[in-house]
Every structure is written in C-alpha cells, then in structure tokens.
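Notes to accompany the following structure.
The values are calculated or read from the model by the stated rules, or taken from the named source; none is laboratory data. Since the model is a prediction, treat every value here as computed from it, not as a measurement. When we count neighbours, we look across all protein chains shown, and the Cβ atoms used for this are built from the backbone with ideal geometry, even at glycine.
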Amino acid sequence: MAASTKLAISLTHVEYTEGDRVGYLLAWSSLFPIFILISFLTLVAIRRDLFTVFFFTGLLLNESLNMFLKYTIKEPRPNSDISSAVLRVEYGMPSSHAQFMAFFATFVTLLLFVRATLSEDIKDLLYKVIVSVGAWGGAILCAISRVYLGYHTISQTIYGNLVGVLSALIWFSIVHFLVTPYFPKIYYWRLNDFLMFKDFSLIPNCLWYEYTAVRHESRTRLKRKSMHE
C-alpha cells in the first residue's frame, strides 16, 4: 500500500530561523491578516453594523481575487528552505498577505477621511492620522515579513499591494456611493428582524451613541423597577 502524502494546514504556519529575533517578530506580523479576520468575525457577530458587514465582504472578495490571480499567473514562490508541504504547491504572485493588508489599510483610510463624520477639530484629525498610519504600518511590516521569511519575492509583494489598493478603492466606491443609499431599506427588511443588522451611517460617534443609549435604557429600567417595589 502506497504511503499517503501528508499535507499541512498553512493558515497560521509561519517559519523563521531559530535564534533570529527579527524573523521572530516579523513572523508574528505575518499573522496580521488572521488577527484582522478574527476581529471582523467578532465585530459582525456582536455589532451587526451593515458597513462592517460590507467591509468584511470586501476582504473576502479580495482574497478570492488573489487566489484567482495566483492560479492564473502561476508564478512560483522564491526558492527557500521552507518545509511546509502546502507552500511547495502554492503560487506566489501576487502575495495574498500583502494584498489583504493593503486592501485593509486603504479601506480604513478611506473610511476615516471620506466616510467618517467626526468633527474637524485637531483631536479627531489626529485620531484619523494615527489610525491610518497604524494600518499602513501594519501593511508594510506584513509585506516585509513575507520577503524576509522567504515566502515571496519583492515583486510579488509589490504587486500584491497594488492589487489590494486598487481593489479597496473600487469596493469602497461601490459600498459608499451605490450600496449605502439602500441601507435604510435593508434595515427594514423583514429578514432583518432575525439578523438584526444596524445602520450607523448617520451616527458620527458610534461608541458614544451606544454608551449614552445603554445608560439611558438602564436608568429607565431602574426607575421602573423602583416604582414597582
């Protein structure tokens, strides 16, 4: 009986050279897309915000586009001593990590500077800049890690970034200009009584709104409770 070939699930499989502290740190930055996906699943499940749902959908479509491009271009990964059985049969053009992070950083930047309706004081502007710089810093670190650890060539990460930026620009335009006007209709779908998706488009500060709404509801219920005692 012929021996079966063993394959590994490479979703979080990242290798670095033992004793290489830079490689160790970059290996963690290579997992940024996984952390972001888990965060989005949590946000969608808890917040049920329509725009967040479409943001997450864009990330998934972007990943599907990456797989299509990889198996269309069929450019191999760079020669390295990476031992993962899965990576030996995967293609590298464009880098999915670089494309994912570039999409995320571009979409976040557009969300903050085009869609967000915060006040225009210096604190809000500083907040937007810090978050945008953080998103792009993560994208750059992730791209560097893929080259440093031998998973991609420089050109594969560059093209991954370009595709990610372009995809985010297109998807943001679709959601912001074409889909958002239909959010009120989606909000009142009968199916939404079960899904409970919410539309925060017209609310400038969702955290403050939720805080004040919960505080008001808590006070109201406490008053009712005290009246019945």
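Condition first: surrounded by 14 or more Cβ atoms within 10 Å (Cβ to Cβ) and at pLDDT 90 or above. Now tell me which residues in segment 62-94 satisfy that.
N62, E63, L65, N66, L69, K70, P94
Being modelled with pLDDT under 95 and under 17 Å from F54 (Cβ atoms) is the requirement here; does F103 meet it? Let's see the steps before the verdict.
Details: modelled with pLDDT under 95: no; under 17 Å from F54 (Cβ atoms): yes.
Here the answer is no, as F103 does not meet what is asked.
Out of the helices (runs of 4 or more DSSP H) lying entirely within segment 148-229, which hold 2 or more residues that are touching a Ser or Thr at 6+ places or on another chain (Cβ under 7 Å) and at pLDDT 90 or above?
Details: elements: 154-173, 183-187, 192-195, 206-227.
Because the criterion is at least 2 residues that are touching a Ser or Thr at 6+ places or on another chain (Cβ under 7 Å) and at pLDDT 90 or above, the helices (runs of 4 or more DSSP H) in segment 148-229 that meet it are 154-173.
With (1) crowded, with 16+ Cβ neighbours inside 10 Å; (2) in a helix (DSSP H, G or I); (3) of a type outside the set (V, I, T) as the list, and G137 as the residue in question, which single condition is left unmet?
(1)
For every residue, the table says whether it meets (1) of a type in the set (G, A, S); (2) loosely packed, with under 14 Cβ neighbours inside 10 Å; (3) under 24 Å from T17 (Cβ atoms).
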| site | (1), (2), (3) |
| --- | --- |
| T106 | no, no, no |
| V114 | no, yes, no |
| K123 | no, yes, no |
| K128 | no, no, no |
| C142 | no, no, yes |
| R146 | no, no, yes |
| G160 | yes, no, yes |
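Do any residues in segment 126-137 that are under 9 Å from L112 (Cα atoms) and modelled with pLDDT of 90 or more have Cβ atoms under 7 Å from those of residues that are in a helix (DSSP H, G or I) and of a type outside the set (V, I, T), where the two are at least six apart or on different chains, and which pairs are they?
Qualifying pairs under 7 Å: V131/L112; S132/L112.
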